[in-house]
1. Quick one: how many residues across the stretch 93-121 are open to solvent by 30 Å² or more (accessible area, probe 1.4 Å) and under 22 Å from Tyr43 (Cα atoms)?
2. Considering only residues that are over 12 Å from Gly112 (Cα atoms), open to solvent by 40 Å² or more (accessible area, probe 1.4 Å) and touching a helix residue (DSSP H, G or I) at 6+ places or on another chain (Cβ under 8 Å), which ones fall in the stretch 47-59?
3. Could you list, in sequence order, all residues of the stretch 96-137 that are touching a residue at least 60 places away in the same chain (Cβ under 8 Å) and assigned to a helix (DSSP H, G or I)?
4. Give the stretch 65-92 a look and list any residue that's open to solvent by less than 70 Å² (accessible area, probe 1.4 Å) and among the small types (Gly, Ala, Ser), or say none.
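The values are calculated or read from the model by the stated rules, or taken from the named source; none is laboratory data. Predicted model only: the values in this text are computed from it and were never measured. So basically every Cβ, Gly included, is an ideal-geometry build from the backbone, and we count neighbours across all protein chains shown. Side chains included, ligands, DNA and RNA excluded: accessible areas come from the protein's heavy atoms. Shrake-Rupley method; radii C 1.70, N 1.55, O 1.52, S 1.80 Å.
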Amino acid sequence: MKKAHAMPTTRSGPSTRSRTPVAAAPADGQATRAKPKAVRIDYSVLLYVPQLIGWLRVAMMVTAVSQRSNPCLVCGAYLASLTLDMVDGAAARALGQTSRFGEVLDVTIDCGSRTFLWVLVATEDSNFAQLSSFLISMDWLTFVCAQASERERAIRALRDDQRTVPPMIH
């Protein structure tokens, strides 16, 4: 009996504009996978102007935590952090320095700042401890779910359009 040659087939998602050849199965019946391409990470994104503003916000919150017995300093640092939060996004767009890393850093700093604020409220008045705990939990849960949803969307795009999933730092 003659052996038939396995012809490569094509696979595509819902979109027919992109067809990718699929390797024929080896003779032993084991499926093979192509090795993922190495991702080059550009660490200069850590020093973009919007990220430098973010690092400044972190320093301000650390200072506020260490000086929490001084309400004027805490309020001043928090208000300055809120103001800088408005500036970093505008700076990113104006300078063409938008990045996925910057987005995640900004939201993480926002959640951290709000966590600090609610911890202060809970330590000042124990009646708000449960409410503060609930709000902190919901804030971080929302953050994690939003990031997971974004990752899932990127994976679906990879499957449907055969694009590479962008790394967090790019």
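1. Number of matching residues: 11.
2. Tyr48, Val49, Leu56, listed by residue number.
3. Of all residues in the stretch 96-137, those touching a residue at least 60 places away in the same chain (Cβ under 8 Å) come to 99-101, 104.
Listed by number, the residues that qualify are Arg100, Phe101, Val104.
4. Within the stretch 65-92, Gly76, Ala77, Ala80, Ser81, Gly89, Ala90, Ala91, Ala92 qualify.
Conditions (1) of a type in the set (Asp, Glu); (2) at pLDDT 90 or above, marked per residue:
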residue: Trp55; (1), (2): no, yes
residue: Asn70; (1), (2): no, yes
residue: Tyr78; (1), (2): no, yes
residue: Asp88; (1), (2): yes, yes
residue: Val107; (1), (2): no, yes
residue: Phe134; (1), (2): no, yes
residue: Met138; (1), (2): no, yes
residue: Leu158; (1), (2): no, no
